[in-house]
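Below is one structure; the comments refer to it alone.
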Protein chains: 2
Amino acid sequence: MRDVNKDNITDVFMSYFGDDTDPRLIEIMQSLASHLHNFARDVNLTHAEWLKGIQFLEASGQISDETRHEFVLLSDILGLSSLVDMLHSDSRGTSSSVLGPFHIAGSPPLPFGGDMKREFEGQVLLACGRVTDTDGKPITGAELDIWQTAPNGLYSSQDPAQDTYSFHGLQTTNADGRYAFTTVRPVSYPVPTDGPVGELFNATGRHAWRPSHLHYIVKAAGFRPLVTEIFPDDDPYLDEDTVFGVRSDLVMKYTERPAAEFPAGYAISADVDEPFLLADFDLKLVRL
Amino acid sequence: MRDVNKDNITDVFMSYFGDDTDPRLIEIMQSLASHLHNFARDVNLTHAEWLKGIQFLEASGQISDETRHEFVLLSDILGLSSLVDMLHSDSRGTSSSVLGPFHIAGSPPLPFGGDMKREFEGQVLLACGRVTDTDGKPITGAELDIWQTAPNGLYSSQDPAQDTYSFHGLQTTNADGRYAFTTVRPVSYPVPTDGPVGELFNATGRHAWRPSHLHYIVKAAGFRPLVTEIFPDDDPYLDEDTVFGVRSDLVMKYTERPAAEFPAGYAISADVDEPFLLADFDLKLVRL
């Protein structure tokens, strides 16, 4: 097109598409190109600013590898990951939240009442609740994939000092649809700041912190899988999660209870002789 | 923000910015986040589509290095590079066009009437013209940085068989504001398709070709530098340049002339004994 100009370039771009292009791809590329071009027009993007953007993308590519995913992090801190979550969250069930880059497959079984903290020190946290359908009816045999940070703020995949499956467990709900396990409370932590995303934080005066949370993926036959996280209501970063993952229905409370109230028959029941924290949180799944 | 939702996330994103953030950065990030979020909302982007996008960016990062710039190529084939050019082109002068990824600094001097084709075979092309201001007044001592493909469709930086500065030259306009050099005609060529951009071409039924062109960067004291390209009017890809670089005022004509009309005093004057091609193209600079 020799008459391409700043007003018609989006149409010219679309005119290049072949007739048998997948209609969904056409829809996505049309919207992407329109927004990209309108962004450049709206801010009157200069060559120097364009080059900064290209260099940002190249640096993000350079720092990425099999375990470091700077483009996922960028999507997270721009709010895109959370927006995609919210677009497909079903308000009849528990809200979904970001998966994050630290999930690993193959977590070991964690029996009902089992312990996930192993040798780590700290006040015992008993996390429990029910998995139900949207009518509150318990779901037996639902699978919970659970993971969290160690007390040093690192996930096992970030921390050579931890075992592969440290603070990871796979539990199946019992006949009452209940889950229960012991751990120590997860901690707030900053997302990685040694790459381009860290530079963006610096340039915009923004912190890198996430409020502490427990990650759950909940699956049950006949229901939509739920990827979510739950957050204690006393975390200082609850209202400023750097990846926008907090939803009001995902906020729970740690209640301190005397040792005498710790239930019998759990893996560490015999060892609990100090007050423990209780987090009772129900998870509601939506039928397929 | 525990009440972040799919409608307010852009505002929440902006609320994280520090008070002393550069106002231009705020303007750019506000527009970028709005367009990014509206894109996701407009197409109701799914998790699977989001993941495909992340994988596309990661693969683009992986294939990039000091000489391969997949993100520049992506910007080029999405029309962003050309749009940025057009936003800042001054209609009083010759249109600018994309720099492309193949320019290298330090080209050797090419005297007026010098030869750039060296040992390469092919019909002689005499490229010449004047560099003027917007009133048509010649500019003496303007510098032209010239580069083009070899007959195999490759730039020297892509082709180990060529010298570093093969088909590159630096010429200064004479007392009449004129430039002139001999070469062979550049050829149409496809942009690299062995990376993610190639996959996008395949998925959208789009070809990778650019019409043949001569690249010029023109600089003169007191004038805006001009980065441009000129295209012959008989190129089959003139109306479908895959990087949207063609502007109507950058289209020129190759005219065949008898050997007897070849000017005297040029580097190869003594050797021209067959009809040659003439491309006479004036370049108009805008005063700073």
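For residue A:199, the criteria (1) among the acidic types (Asp, Glu); (2) closer than 25 Å to residue A:69 by Cβ; (3) in a loop (DSSP other than H, G, I, E, B) hold in every case but one, which is (3). What's the number of the only condition in (1) of a type in the set (Ser, Thr, Tyr); (2) within 22 Å of residue B:9 (Cα to Cα); (3) open to solvent by less than 10 Å² (accessible area, probe 1.4 Å) that residue A:216 fails to meet? So the condition that residue A:216 fails would be (2).
Scanning segment A:1-40 for residues that are of a type in the set (Gly, Ala, Ser) and surrounded by fewer than 16 Cβ atoms within 10 Å (Cβ to Cβ), we see that the one that is farthest from the other protein chains (Cβ to nearest Cβ) is A:15.
For residue B:218, the conditions (1) assigned to a loop (DSSP other than H, G, I, E, B); (2) farther than 24 Å from residue B:64 by Cβ; (3) in contact (Cβ under 8 Å) with a residue 40 or more places away in the chain all hold with the exception of (1). Counting the residues of segment A:46-78 that are crowded, with 18+ Cβ neighbours inside 10 Å, over 30 Å from residue A:15 (Cα atoms) and of a type outside the set (A, V, I, L, M, F, W, C) gives 6. Residues in segment A:233-279 that are touching a residue at least 12 places away in the same chain (Cβ under 8 Å), more than 12 Å from chain B (Cβ to nearest Cβ) and in a loop (DSSP other than H, G, I, E, B): 15 in all. Looking only at residues that are more than 17 Å from residue A:29 (Cα to Cα), among the polar types (S, T, N, Q) and modelled with pLDDT of 95 or more in segment B:65-94, which one is farthest from the chain's Cα centre (by Cα)? The qualifying residue farthest from the chain's Cα centre (by Cα) is B:94. Scanning segment A:42-60 for residues that are among the aliphatic types (A, V, I, L, M) and more than 7 Å from every other protein chain (Cβ to nearest Cβ) yields A:48, A:51, A:59.
Going through (1) at pLDDT below 95; (2) open to solvent by less than 60 Å² (accessible area, probe 1.4 Å) one by one, residue B:248 falls short only on (2).
Would you confirm whether or not segment B:192-205 contains a residue that is at pLDDT 95 or above and either among the basic types (Lys, Arg) or closer than 24 Å to residue B:269 by Cα (or both)? No, every residue in segment B:192-205 fails to be at pLDDT 95 or above and either among the basic types (Lys, Arg) or closer than 24 Å to residue B:269 by Cα (or both). The test for being under 23 Å from residue A:144 (Cβ atoms), open to solvent by 10 Å² or more (accessible area, probe 1.4 Å) and either charged (D, E, K, R) or more than 15 Å from the chain's Cα centre (by Cα) (or both) holds for residue A:267.
Exactly one residue out of A:98, A:43 is open to solvent by less than 30 Å² (accessible area, probe 1.4 Å), at pLDDT below 95 and either touching a helix residue (DSSP H, G or I) at 6+ places or on another chain (Cβ under 7 Å) or among the hydrophobic types (A, V, I, L, M, F, W, C) (or both): that is A:98. Screening residue A:230 against (1) part of a loop (DSSP other than H, G, I, E, B); (2) within 14 Å of chain B (Cβ to nearest Cβ); (3) at pLDDT 95 or above; (4) on the phi < 0 side of the Ramachandran plot leaves a single unmet condition, (1). Of the residues screened, residue B:243 is one that is closer than 14 Å to residue B:77 by Cβ, hydrophobic (A, V, I, L, M, F, W, C) and either surrounded by fewer than 18 Cβ atoms within 10 Å (Cβ to Cβ) or in contact with a helix residue (DSSP H, G or I) (Cβ under 6 Å, 6 or more places away or on another chain) (or both). The residue that is nearest to the other protein chains (Cβ to nearest Cβ), counting only those in segment A:61-95 that are touching a Leu at 6+ places or on another chain (Cβ under 6 Å) and in contact (Cβ under 8 Å) with a residue 40 or more places away in the chain, is A:95.
Checking each residue in segment B:170-213 for being farther than 20 Å from residue B:231 by Cα, more than 14 Å from chain A (Cβ to nearest Cβ), surrounded by fewer than 19 Cβ atoms within 10 Å (Cβ to Cβ) and small (Gly, Ala, Ser) picks out B:175, B:198.
The values are calculated or read from the model by the stated rules, or taken from the named source; none is laboratory data. What you see is a predicted model; the values in this text were computed from it and never measured. Note that each Cβ is placed from the backbone with ideal geometry, even for glycine, and that neighbours are counted across all protein chains shown. Surface accessibility is based on the protein's heavy atoms, side chains included, excluding ligands, DNA and RNA. Shrake-Rupley method; radii C 1.70, N 1.55, O 1.52, S 1.80 Å.
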